[in-house]
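These notes are about the structure you will find just below.
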Amino acid sequence: MEPTRPSRNGTPWWRGRGLVIGVPYAWLLLFFLAPFFIVAKYSVSEMGDIRVEDLFTWVDGALKVAIKFANYVLVTTDALYRDAYLASLKYALVTTLCCLFIGYPFAYFMARAKASLQPMLLMLVMLPFWTSFLLRVYAWKGLLDDGGWVANAIIGLHLDKALLAMGLIETPGQLMHTTFSLLIGMTYTYLPFMILPLYANLSKMDLRLLEAASDLGATPWVAFWRVTVPLSKAGIIAGSMLVFIPCVGEYVTPELLGGPTTLMIGRVIWDENFSNNDPPVASAIAVVLVLLIVVPLALFNRYQTQAEEAAK
């Protein structure tokens, strides 16, 4: 029997570093790749009268392989799916920018606050997680609907006319089931996911760099843009990914706060799977959605790695 291959420090390879690396990979394999392959299998299958047909069947002593790519042809050529993809990417991008615009000053304030106040501020950011996500979205329905105090304040200040001019609402005074209500709900829901990575990054920044910039004649505004923002790039990227990725496939918020003009891909997947009883098409939509997100991220990470290696 071949002896166990030891590592450099004399411990078996399956302990130490191998265990630390293997556990996350096993987790991804079990809870991401395996479900993804099941969905990918459904996406090239034929829908029978009751259930999805098997890809491989044994007929008269011969193995029959039935792979249907028509689902992908339909998803990539039909205007309904194309518009839903574009709308999902657009709303996810706008939500990410809104969360960054609101979350960066808040994270900056938290990182510069007294050490005794930072735990309380951090708790305030995490406080919404103590309440059900669904209840928080329903709360916005009451706030933005007719008679809601947020709706009354916006209409009383005549801000609805500005929203109408920006194309966020269809008619003055009607705030619910519009692009505005959708973006408000999604921004509120995912704002903590932007603040937390930014705060973690900004709180570790060396303040002596700002002092050095000031000594060299930089104004506070210039020092912020030339020192603070570049050093917080990792937090900006992490927060943007944490907001953008789940926003693309969002279903609950568009369903409760959105309207007929804010159709997103999550609703389309639901309709195909449950209303139309067509899991293969729903699976094809989901696979394309994953590829739309994962492939650009992989290319971006590769570019970042190459840039970091070139900088060294």
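With 10 angstrom as the radius, rank Phe56, Phe133, Phe193 by how many other C-beta atoms surround their C-beta, starting from the fewest.
Values: Phe56 9, Phe133 12, Phe193 22.
The most exposed by this proxy come first: Phe56, Phe133, Phe193.
Given Cα pairs under 8 Å that are at least 6 residues apart, what percent is the relative contact order of the range 78-277? Mind dumping the intermediate values first?
On the way: 214 pairs, mean separation 69.7, N = 200.
Answer for the range 78-277 is 35 percent.
Pick from Asp54, Asp215, Asp146: which is most flexible by mean-square fluctuation in a GNM of the chain where alpha carbon atoms under 10 Å apart are linked?
Asp215
Which of Thr219, Ser116, Ala162 sits closest to the plus end of the dipole of the range 98-219, meaning its Cα is farthest towards the positive end, when Lys and Arg get +1 and Asp and Glu get -1 on the C-beta?
Going by the charge dipole, the pick is Ser116.
Treating only the Cβ atoms of Lys and Arg (+1) and Asp and Glu (-1) as charged, compute the dipole magnitude of the chain about its Cα centre; round to the nearest 20 debye.
On the way: 22 positive and 22 negative charges, 283 e Å.
For this selection, approximately 1360 debye.
Quick one: what Rg and Dmax do you get for the range 196-312 from the alpha carbons, in Å?
For the range 196-312, the Cα radius of gyration and maximum Cα-Cα distance read 21.0, 67 Å.
What whole-number distance in Å separates the alpha-carbon centres of the range 160-185 and the range 195-241?
Rounded to whole Å, the Cα centres lie 34 Å apart.
Report the number of Lys pairs in the chain whose alpha-carbons are under 20 Å apart, with separation of 8 or more residues or on distinct chains.
Details: Lys41/Lys64; Lys41/Lys68; Lys114/Lys204; Lys204/Lys233; Lys233/Lys312.
Total qualifying Lys-Lys pairs in the chain comes to 5.
Remind me, what semi-axes does the chain give for its equivalent ellipsoid, largest first in whole Å, using sqrt of 5 times each Cα gyration tensor eigenvalue? Present the calculation step by step, with values, prior to reporting the outcome.
Numbers: eigenvalues 314, 245, 63 Å².
Gyration-tensor ellipsoid for the chain: 40, 35, 18 Å.
When the convex hull of the Cα atoms of the range 74-204 is projected onto a plane and the area is averaged over all directions, what value comes out in nm²?
Numbers: hull surface 42.3 nm².
So the Cα hull casts an average projection of 10.6 nm².
Divide by every residue of the chain the summed helix terms, -39500 (n - 2.57) for each DSSP H run of at least 4, and state the resulting mean residue ellipticity at 222 nm, rounded to the nearest 500 deg cm²/dmol.
Values: 15 runs with 197 residues, N = 312.
Helices in the chain give a 222 nm mean residue ellipticity of -20000 deg cm²/dmol.
Each reported figure results from applying straightforward, stated rules to the coordinates on display, with no laboratory input. Here the structure is a predicted model, which means the values were calculated and not measured. Reconstructed Cβ throughout: ideal geometry from the backbone, glycine too, with neighbour counts over all protein chains shown.
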